[in-house]
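These notes concern the structure reproduced below.
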């Protein structure tokens with residue numbers, strides 16, 4: 001299990017819970033709007049990583065203050081030892097939330113079956129026919145569909161979420177909601193242009209209209225991070241906010 005960074009406390013990454021957040025390195029997608037581009041490649045040998053034992057020691061000291069731990073990335077399901085790490089967090093009496101792109105349904109299925117995770121947030125990037133364009137690589141969309149079906153089975157608490165980024169349209173967001181039809185919660189997140197990228201995000205009005213049109217397909221449709229363009233600054237990613245453990 002490789003950990004590249006940690007936030008000691010977050011009020012927003014685990015719905016209704018106070019949680020620490022760890023970031024795993026390496027991802028199998030190359031989305032142009034990635035919030036954490038510094039984590040796309042697994043670190044070279046010798047690059048500083050945080051020892052999982054140090055994270056667990058920190059969490060042990062925060063028992064009674066934190067509710068859980070969010071494991072995000074990068075793509076956490078690429079990590080060897082993920083299930084064992086989740087089990088160690090559970091042994092501390094903490095909840096585990098996993099953020100995933102859904103490309104490795106077999107790993108996700110095992111985590112759910114063995115009760116290693118309490119909440120899964122799956123990023124659905126685009127309608128299946130647009131996945132390669134949005135993700136910047138060839139994507140096994142059958143695997144994406146399998147992960148969607150796995151979460152819809154309801155064996156773990158979950159949400160689906162999409163960053164409303166170019167080239168997606170309001171119509172695409174409706175198609176995405178239909179793709180996860182019957183989901184308990186579908187979240188539309190505002191796109192924040194990465195540093196050096198000038199593409200403007202859809203307007204708040206467009207995001208609200210997309211949410212209105214998507215709502216009939218899901219139990220609850222939420223907007224997250226909605227700001228007008230004057231408030232938006234380029235997203236610097238996690239690299240600017242890496243935290244030491246202590």
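The values are calculated or read from the model by the stated rules, or taken from the named source; none is laboratory data. All values derive from a computational prediction rather than experimental measurement. As a convention, Cβ positions derive from the backbone with ideal geometry for all residues, glycine included, and neighbour counts pool all protein chains shown.
Of note:
- Unique residue being out of contact with any strand residue (DSSP E or B) (no Cβ under 9 Å at 6 or more places or on another chain) and part of a loop (DSSP other than H, G, I, E, B) when the list is 200, 143: 200
- Each residue in the stretch 166-197 was checked for being within 19 Å of the chain's Cα centre (by Cα), assigned to a loop (DSSP other than H, G, I, E, B), modelled with pLDDT of 90 or more and within 25 Å of residue 37 (Cβ to Cβ), and 1 of them qualify.
- Restricting attention to the stretch 56-84, the residues that are part of a helix (DSSP H, G or I), farther than 30 Å from residue 32 by Cα and in contact (Cβ under 8 Å) with a residue 24 or more places away in the chain add up to 6.
- Residue within the stretch 96-104 that is in contact with a strand residue (DSSP E or B) (Cβ under 8 Å, 6 or more places away or on another chain), crowded, with 22+ Cβ neighbours inside 10 Å and in a loop (DSSP other than H, G, I, E, B) present: yes
- Number of residues in the stretch 130-140 that are in contact (Cβ under 8 Å) with a residue 12 or more places away in the chain, assigned to a helix (DSSP H, G or I) and closer than 20 Å to residue 40 by Cβ equals 4.
- Matching residues in the stretch 22-41 - criterion: being part of a loop (DSSP other than H, G, I, E, B), in contact (Cβ under 8 Å) with a residue 60 or more places away in the chain and farther than 20 Å from residue 140 by Cβ: 33, 35, 36
- Test: residue in the stretch 107-127 that is surrounded by fewer than 17 Cβ atoms within 10 Å (Cβ to Cβ) and over 30 Å from residue 60 (Cα atoms): no
- Residues considered: 226, 150. Of these, the only one that is modelled with pLDDT under 90 and in contact with a helix residue (DSSP H, G or I) (Cβ under 7 Å, 6 or more places away or on another chain) is 226.
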